[in-house]
Amino acid sequence: MAPRVTGVQSQNIVVKSISEGDLKVDQPGDIKWSISASEANTAVQKFLPSEAKLETPKNPSGAKAIQQQDMDGDGKPELLATYRVGQSPGKLGAILLQEKEHKWQKVWELNYALAYALDHASFADITGDGRPELLLGWTVDARSLGGVGKHHGVDIFAWQGHDTSSKGEALDKFEHWQGILTRIDGIGYEKMEVLAPTDQEDTGQQAALALWSHLDSRGEKVYNSDSGEEHYYPDCAIYRWEKFGSGTVLSSADDLYPDYYKKLVAFYQENVKEMPEDPYYWLFLARAQLNANLPEDALKSITKGESVKSDDSWDLKNWLIMKGDALNKLGKYEEARSILTNAMERKNDNSYKYYLILGHSYAGLKETDKAKAAYEKSLELIKQSEKRYNYAGYSEQPMVQRALDKVINCHK
């Protein structure tokens with residue numbers, strides 16, 4: 001598991017298992033009263049499908065197969081139960097019960113045909129409306145989706161107040177739900193942490209998702225390529241739900257990166273020790289240091305990484321882009337601009353990241369028109385990429401739009 005983070009904490013304060021007894025919480029979904037574990041189990045057993053058995057999620061730590069949470073804001077808990085029908089892999093599912101007129105009723109049910117394990121089940125205020133959403137993380141065999149290996153994906157469900165259904169959606173052929181909750185988003189991961197600011201006073205303040213990719217089964221070590229197999233390099237992105245344009249998306253929560261990544265730099269340093277002659281390890285260490293707002297350390301890692309021989313032209317471009325990013329953070333905007341311009345002259349770059357960082361250089365130099373043009377080019381490239389690869393539910397556009405808006409507003 002990734003290290004605990006100063007300034008950021010796991011969002012486990014809004015969900016507790018039934019086995020802990022009465023709940024007393026002061027967070028989104030604050031429950032005014034609760035029921036006993038035995039009563040909850042009795043209620044759930046009446047609504048489980050035939051031959052179904054309760055399934056305990058792997059994460060978060062301590063989570064149970066039956067959880068209670070006030071999702072509709074009336075001060076009374078709803079009951080969530082996760083289950084498996086048949087022997088492993090069998091079929092996984094979940095139900096939500098609500099007490100109405102002193103009787104429990106099933107108000108929502110989901111069945112997932114492709115999942116063979118339940119990686120995660122918890123509640124957190126993802127949308128920032130003061131009410132908790134349900135997060136269900138599934139493990140699927142990626143080969144069934146045209147990929148390789150195993151894959152986790154989290155579905156985010158919100159209380160709607162009226163019945164919904166997956167019928168007609170692309171997901172319906174393997175993931176079907178019906179009832180009071182609707183799926184508002186979903187995203188893949190290999191390891192997930194649900195994060196919320198520790199200084200949160202407003203219960204409507206949102207949780208964020210730290211999503212790791214390219215981790216092996218041990219959780220913290222990079223894949224070993226001694227056998228000649230393709231290398232994978234662990235990476236992490238932090239997303240927050242936000243309004244953008246006429247809709248909503250999961251977008252980069254760049255304000256949370258410094259605190260989170262300061263605790264991860266040591267992890268990347270250990271990876272470098274394993275294979276110091278691999279330039280990509282140095283690249284990812286430098287990126288982690290930049291995310292942790294440690295630009296001087298990042299420049300040292302960049303210098304070391306550049307000294308490692310590589311035949312990949314991708315390396316040179318990325319070293320120059322990261323060097324420009326580090327110099328921007330140090331306030332050396334002219335030097336950063338020069339390096340980034342050099343990177344473009346060496347290799348025409350259609351990376352949104354390049355134009356975003358170049359925009360930061362021009363913004364620091366007070367060259368508003370050039371900054372605006374760079375940010376607009378970055379946005380254009382993101383839109384093209386997201387359309388080409390059919391991205392849905394998450395986007396880097398809001399992050400770039402914020403930078404563009406800041407330049408425009410400062411110029412007024």
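The values are calculated or read from the model by the stated rules, or taken from the named source; none is laboratory data. These figures come from a predicted structure and were not determined experimentally. Note that we place each Cβ from the backbone using ideal geometry, even for glycine, and neighbour counts take in every protein chain shown.
How many residues does the stretch 374-399 contain that are over 14 Å from N350 (Cα atoms) and of a type in the set (A, V, I, L, M)?
Counting residues in the stretch 374-399 that are over 14 Å from N350 (Cα atoms) and of a type in the set (A, V, I, L, M) gives 2.
Looking at T42, T56, which is the one that is at pLDDT 90 or above, touching a Leu at 6+ places or on another chain (Cβ under 8 Å), surrounded by fewer than 16 Cβ atoms within 10 Å (Cβ to Cβ) and hydroxyl-bearing (S, T, Y)?
From the options T42, T56, the qualifying one is T56.
Please find, within the stretch 240-272, the residue that is farthest from the chain's Cα centre (by Cα) out of those that are buried (at least 20 other Cβ atoms within 10 Å of the Cβ) and part of a loop (DSSP other than H, G, I, E, B).
My answer is L264.
Can you give me the number of residues within the stretch 360-403 that are under 23 Å from S338 (Cβ atoms) and part of a helix (DSSP H, G or I)?
Number satisfying all stated conditions: 19.
List, please: which pairs have Cβ atoms under 7 Å, are six or more places apart or on different chains, and start with a residue in the stretch 372-400 that is more than 21 Å from I156 (Cα to Cα) and end with one that is acidic (D, E) and surrounded by fewer than 21 Cβ atoms within 10 Å (Cβ to Cβ)?
Hits for this filter: M399/D254.
Restricting attention to the stretch 42-59, which residues are over 12 Å from W104 (Cα atoms) and touching a strand residue (DSSP E or B) at 6+ places or on another chain (Cβ under 7 Å)?
If we filter the stretch 42-59 for residues that are over 12 Å from W104 (Cα atoms), which is where we start, we get 48-59.
Selection gives L48, P49, E51, A52, K53, L54, E55, P57, K58, N59.
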